[in-house]
Amino acid sequence: MIKTGIMGGTFDPVHKGHIELAIRALFEYGLDEVMFLPAHINWIKQDMKRTKDIDRVNMLRLAIESTDKENKDVRGRFKIDTTEISAGGYTYTKDTLLYFRKKFPDHEFYFIMGADSLKTFPTWVGPDIILANAVILAAARGDKGEEDIKKSADSITERFGGKIMILHMDKKDISSSDIRSAIEKEGYDEAKERFKEYLVKEVFEYMKEKELYIDKEILPFNTARDDIKQIRKGIKEDLDKKRYEHTLGVAYTAASLAMAHMSDIEDAYVAGLLHDCAKYLPGEEKLKRAKENNITINEAAMKNPDLLHAELGAILAKEKYGINDEDILNAIRFHTTGRKEMSLLEKIIYIADYIEPNRKDIPGLSKARSIAFKDINAAMAFVSGNVLKHLKDIDAMIDELTIECNEFYSVTK
């Protein structure tokens, strides 16, 4: 019988932890080969954004080729099987093992997994079928890790039968998600330095060449401005996911409106990116900074400091992001209240904040979107009117600027 180890996963990206686990399994249990089995979609992590299949397979291939060069004892014993990728959609280990049983009747299978996977194993689809068709090799690090594995293994085998054996690992565990996150937040060079012990050189070079795991947001225009990427990076770090998505929606919409109304596209995009840049500040911090900058704090703002985010946003845009263009700063400052005699950019940001694609269930949204690209002043009248009505309906304190804005554009539309 040919003793075949199977390592499943997304390998996004593959790293030395995966390779060392395969090597340990190979020699500790006398395996003849280890088969890397990349999934098309990991059913356990269905919502996870994943890299293209071809890139993950290419990185696996590079990692194996590098290992073959460095370690003659494993040369030719690591293989890649794309059965699950070829199947498409969600695949389950139980089905893959049953398929392998028929395809390779003279093989004895050992399914290799980490300690975390073993803990969740009882929730997998068909754990009894998996254990009936393969021995599980579970990685343990240190005495405590071994004790935990034994407890989990005893519980699982008592319930489902089969055999679970321990793989003794030395190095600290590392996850692919740690590497992805570091590259996205810190860039390639910082990630390389931080994870140099775990990164396969050829795999890292491939990731960098293909620009994998970085925020490759497509701008709605070509630009030579370096500050836009830095602004976007800073905003992404400061805002929560939902607010960041809204911010991108406003920036894209603002750029589109700028094209429609012959305004500066880059200025509109930057103002859209920064319009909510002070949203992340805690309430007490908003009040503190407002006092420091002599911003009027009315009764409503005392109760809800979020109302200060527009004026604080203009200050933050200047101090943190180096924006000195008064038109951009005013577009940020007045994007919630509006005012009479607004500049074209101010109108664009005010309207973009209302109609951006992530907005749902706002009265008159479809009509506002339609008007906005045809007649900017008519859109101002319509949107400010809706805002004013909403504030009256909820009995909220209304800023005098909001009233003046609606009165002005209702006449000039």
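For the stretch 189-199, does any single residue satisfy the condition of being surrounded by 15 or more Cβ atoms within 10 Å (Cβ to Cβ), among the hydroxyl-bearing types (S, T, Y) and within 30 Å of K236 (Cα to Cα)? Walk me through how you get there before you give the answer.
Pass one, the stretch 189-199, residues surrounded by 15 or more Cβ atoms within 10 Å (Cβ to Cβ): 191-192, 194-195, 198-199.
Then drop every residue that is not among the hydroxyl-bearing types (S, T, Y), which leaves 198.
Filter again for within 30 Å of K236 (Cα to Cα), leaving 198.
Yes, the conditions are met somewhere in the stretch 189-199.
Out of I41, I80, I64, which single residue is touching a Phe, Trp or Tyr at 6+ places or on another chain (Cβ under 8 Å), hydrophobic (A, V, I, L, M, F, W, C) and modelled with pLDDT under 95?
Values: I80 fails: modelled with pLDDT under 95; I64 fails: modelled with pLDDT under 95.
The match here is I41.
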Within the stretch 334-360, how many residues are surrounded by fewer than 22 Cβ atoms within 10 Å (Cβ to Cβ), charged (D, E, K, R) and without any contact (Cβ under 8 Å) to a residue 40 or more places away in the chain? 1
Considering only residues that are modelled with pLDDT of 90 or more and under 34 Å from the mean Cα position of the chain (by Cα), which ones fall in the stretch 138-152? A138, A139, I149, S152
Scan the stretch 271-283 and give yes if some residue there is modelled with pLDDT under 95, over 18 Å from G234 (Cβ atoms) and either in the same structural domain as A317 (by TED's automatic domain parsing) or not hydrophobic (A, V, I, L, M, F, W, C) (or both), otherwise no. yes
Qualifying helices (runs of 4 or more DSSP H) (wholly inside the stretch 289-346; at least 2 residues being at pLDDT 95 or above): 309-319, 326-333
Quick check on the stretch 129-151. Is at least one of its residues of a type outside the set (A, V, I, L, M, F, W, C), surrounded by fewer than 16 Cβ atoms within 10 Å (Cβ to Cβ) and part of a strand (DSSP E or B)? no
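The values are calculated or read from the model by the stated rules, or taken from the named source; none is laboratory data. From a predicted model like this one, the values you see are computed outputs, not experimental measurements. Positions of Cβ are backbone-derived with ideal geometry, glycine not excepted, and every protein chain shown enters the neighbour counts.
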